[in-house]
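Notes follow the structure.
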Amino acid sequence: MHAKQGELFIYNSLSGQKEKFVPIHKNFVGLYVCGPTVYNFVHLGNCRTFISFDLVYRYLLHLGYKVRYVRNITDVGHLENDADEGEDKIAKKARLEQLEPMEIVQQYTLDFHDVLQKFNNLPPSIEPTATAHIIEQIEMIKQIIQNGFAYEINGSVYFDVLKYNETHPYGELSGRKIEDLIAGTRDLDGQDEKRNPLDFALWKNASSEHIMKWPSPWGIGFPGWHLECSAMSTKYLGDHFDIHGGGMDLKFPHHECEIAQGCASTGKSPVNYWMHGNMLTLNGKKMSKSTGNTLLPNEMFSGENDQLQKAYDPTVVRFFTMQAHYRSTLDFTSDALNAAEKGFERLMEAVSSLEKLPTSEQSSVDVSELIANFYSAMNDDFNAPILVANLFDAVKFINSIKIGNASISKADLKELTKEMNAFIFDVLGLQTISAQSNTKLAPVMDLVLQLRQQARENKDWTTSDQIRDGLASAGIVVKDGKEGTTWS
Ligand code: AMP
Ligand code: ZN
């Protein structure tokens, strides 16, 4: 790492503090993020979390680390209400739509990939699925039983939370006390086969009508939801790795159970830094599939939702998510999105003018300090909104140079151009809008400009002016030059 880059600090949900980031292996970082349960379209809230961790991934790469980024796809075992009872979310959708569960999985995995690509998220290094890791999950259960932290009953296996808590602090991640957790559970009503209501399923016996099931040493069944992430992170990152992320709502029970499963199977706490992203809210409430309080990314891009005044480019929506730190809530409003769009345009205008900027003998501001501020923002627990504010300090400086109120040396301009481009495009993952929409607009523009050309050849100035003015009001500028007509 270069000295100018400084030191990275990460807020660790486990300790409740910002800690200096020290990777387990010198230049290698293992990063695991819980992926979606693919039984529905991803909403903008889900996307916020995945964009937040894309920034983490991108910044680690920018700092020069080799990162193995694992993000799973949950395609079995996630039961309704995140509980140990009820129908599998994917099986239920398959039943309602009269499809194979794997057709549901395929449909929503494709949607997830398509949406994240539009947001310019980098793909993870490995994207494992739960159904492809049944053997690894069974092996982990065997290990937990052997270590005395799980028991089998009627073909199901449960994690023994009270036994575990005798030697390990169950609840350490979410700040829960076992006594409070016990007080909060209902009494066993004789129907429940668990020894204690706090126990959670590692393997569930499958009834005959259950669709997704596999043979195991305990009979035909399926794995518990929390287990897949433990099995897959251990397989690809080892039993003790650097960073584990996910949305805040996964802290308990999902991540608490992952810690318990890791400690109970390998004897090691699985993760060094636990990171949790906060929620995107809509109308003041968490955006959520189950309540229907959602906005879908494709609705944003087409403008087809009553909550929206117009359509927004994916990169503008991405930029909007950077208006709040990942650990703070972010409320969706059209006004906030419109403001983000204006800010985005100002930023792009400034960065595109860098190459034409006049240079002087000396710079009128300390450019290395401007750049150091980009790093210190991201080093402070990936503080994207502060980085954006610091980039706007640079924008102000650039705009002052343009009107002759400030100056920059050639060497400083070269450095500023390099770092601004790196932070805007590589770290924040923003894209110029024209690069995205030109491919869609190009054939339409060819046609429109052809019609304008015909009108001009016919000396039909009214039509040709009408076309030019109409395009101008849509934000498209047409220029006639020696090499023909161009537009931007
Ligand atoms: P799910 O498919 O519901 O398990 O969610 C996938 C990811 O999106 C998880 O990391 C969730 O914590 C996260 N998530 C769900 N709802 C929201 C929201 N409203 N805002 C931010 N992240 C969310
Ligand atoms: Zn998970």
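The values are calculated or read from the model by the stated rules, or taken from the named source; none is laboratory data. Because the structure is predicted, anything quoted here is derived from the model rather than measured. Virtual Cβ from ideal backbone geometry, glycine too; neighbours counted across all protein chains shown.
Listing for the model above:
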{"quantity": "3 or more residues over 30 Å from T359 (Cβ atoms) and of a type outside the set (F, W, Y): qualifying helices (runs of 4 or more DSSP H) within region 369-466", "calculated": "433-457"}
{"quantity": "Any hit, region 320-328, residues being within 15 Å of ligand 1 (Cβ to nearest atom), part of a loop (DSSP other than H, G, I, E, B) and closer than 30 Å to A406 by Cα", "calculated": "yes"}
{"quantity": "Subset tally (residues that are surrounded by fewer than 21 Cβ atoms within 10 Å (Cβ to Cβ) and either within 16 Å of ligand 1 (Cβ to nearest atom) or of a type in the set (A, V, I, L, M) (or both)) for region 221-249", "calculated": "2"}
{"quantity": "Tally, over region 113-130, of residues that are in a helix (DSSP H, G or I) and either surrounded by 21 or more Cβ atoms within 10 Å (Cβ to Cβ) or in contact with a Phe, Trp or Tyr (Cβ under 8 Å, 6 or more places away or on another chain) (or both)", "calculated": "3"}
{"quantity": "Within region 6-67, strands (runs of 3 or more DSSP E) holding 2 or more residues that are within 16 Å of ligand 2 (Cβ to nearest atom) and in contact with a Gly (Cβ under 9 Å, 6 or more places away or on another chain)", "calculated": "28-33"}
{"quantity": "Residue, farthest from ligand 2 (Cβ to nearest atom), within region 207-247, restricted to residues that are free of Cβ contacts under 8 Å to residues at least 40 places away in the same chain and not hydroxyl-bearing (S, T, Y)", "calculated": "E209"}
{"quantity": "Tally, over region 68-82, of residues that are more than 16 Å from ligand 2 (Cβ to nearest atom) and either of a type in the set (S, T, Y) or out of contact with any Asp or Glu (no Cβ under 8 Å at 6 or more places or on another chain) (or both)", "calculated": "2"}
{"quantity": "Yes/no for N283 being in contact with a strand residue (DSSP E or B) (Cβ under 7 Å, 6 or more places away or on another chain) and at pLDDT below 95", "calculated": "yes"}
{"quantity": "Residue list for region 276-313, restricted to those being free of Cβ contacts under 8 Å to residues at least 24 places away in the same chain and touching a Lys or Arg at 6+ places or on another chain (Cβ under 8 Å)", "calculated": "T291, N293, G303"}
